[in-house]
Structure formats: C-alpha cells, structure tokens
Amino acid sequence: MKYLAIVAALLFAGSAAALDCTECHEKVDLTVHQEAEATLATCNDCHGMSDAHTVDMELHTPELTITECADCHGMEK
C-alpha cells in the first residue's frame, strides 16, 4: 500500500509539471507573438492548439500571455 501511494504521488507530480513545447515543436518566435499581444486564446484561434492538446483550464486561463506561457514551458527567444 505504501508503494502504491508513492507511485500515485510521482505520477501526479509528473503530470503537474510544465512541458517544454520545443521537445515536439519548432521554437516559437516570442518577439512576434509578444508584439501581437498573443494569449492562450490567440494560440487556440490561430493555431488550433486545443485540437491537439488538452489544456488544464483550472491552471490556464484564456488571458494568459505568451510571456507567461514561455516562463513555465521553457520557450526561449
């Protein structure tokens, strides 16, 4: 039972960690997106991100800026 709790805690911790988008995708041109004042809603509108990814909307709001996304998800200029 003790090991089951440890495994469950590790799986939860891993799922809660931010992902590095550049592991699967080309780097995002942050300068262009910052100048356009891109938000998470913009990503969904322009790139259909919500079609390919399940975003936890308890942690993410449509108003999140590209800078905030970059800070957590390891996106660089």
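Considering region 23-77, its Cα convex hull presents a mean projected area of 3.7 nm².
For region 19-73, the relative contact order comes to 52 percent (Cα pairs under 8 Å, sequence separation of at least 6).
Bear in mind these aren't lab numbers, they're just calculated from the coordinates by the rules spelled out. Just so we're clear, the structure is a prediction, and the values are computed from it rather than from any experiment.
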